[in-house]
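The values are calculated or read from the model by the stated rules, or taken from the named source; none is laboratory data. Treat the numbers as computed from the prediction; the structure is a model and nothing was measured. A quick note on method: Cβ atoms are made from the backbone with ideal geometry, for glycine too, and the neighbour counts reach across all protein chains shown. Note: accessible area is taken over every heavy atom of the protein model, side chains too, but ligands, DNA and RNA are not part of it. Shrake-Rupley method; radii C 1.70, N 1.55, O 1.52, S 1.80 Å.
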Amino acid sequence: EPEVTQTPSHQVTQMGQEVILRCVPISNHLYFYWYRQILGQKVEFLVSFYNNEISEKSEIFDDQFSVERPDGSNFTLKIRSTKLEDSAMYFCASRKREAAYNEQFFGPGTRLTVL
Amino acid sequence: KQEVTQIPAALSVPEGENLVLNCSFTDSAIYNLQWFRQDPGKGLTSLLLIQSSQREQTSGRLNASLDKSSGRSTLYIAASQPGDSATYLCAVPNNAGNMLTFGGGTRLMVKP
């Protein structure tokens, strides 16, 4: 069964460094998402991406964040200058069709630790 | 702004019990509601998606119900097993279908 994959599973970085988190969505899906979950807190929406552009973003997704679909399979989240409070689990998700009723399928997550 | 709440936050039951997890949401204008399972330190596994036009959706020992008018959904787990121990999350999309708003989850422990 197709699944969303994410790499790396764990990333440790120093404050102020740039990180790129990678995702490979399910191949026939059209909508892509990033969410994050700070330890002990709710899963929070960051950004959605469709047709090579951001379709919606939350207030968390500030200028330090960017997303890109560099080729036909990868979807990346870049954090330009990491802060301690960026430490969280980052989840990529994808959705098959345009209609709102379709499920979002999540990857296993990347645990980002900022020191 | 949509708010999603799950009660209880934690639940411990002996193996074999039937149990109900609750999810409530403030804005009833939803397309669907999705239930997920999350194991410690792991990703989110989609369990059930129930459309706004449906009252119930079943998958194996799991049954999800939805009452849009009252802003509630329940996840019923029949004959619980230790392997069901996990955190269960519910989530609803916004009108554009982009952004899922999640509840805080119910942490379930099923004791052998």
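Here are the numbers for this structure:
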read-out	value
Drop in accessible area of at least 20 Å² in the complex versus isolated chain, residues of segment B:43-79, 1.4 Å probe	B:G43, B:L44, B:S46, B:L49, B:Q51
Accessible-area ranking of A:E3, B:E3, A:E103, largest first, probe 1.4 Å	A:E3, B:E3, A:E103
Accessible surface of segment B:48-109, 1.4 Å probe, proportion on carbon and sulfur as whole %	46 percent
Label point at A:E59 placed 7 Å out along Cα→Cβ; residues across segment A:25-48 whose backbone nitrogen lies under 16 Å	A:44-47
Interface burial for B against A (accessible surface, 1.4 Å probe, total of both chains, Å², rounded to 100)	1700 Å²
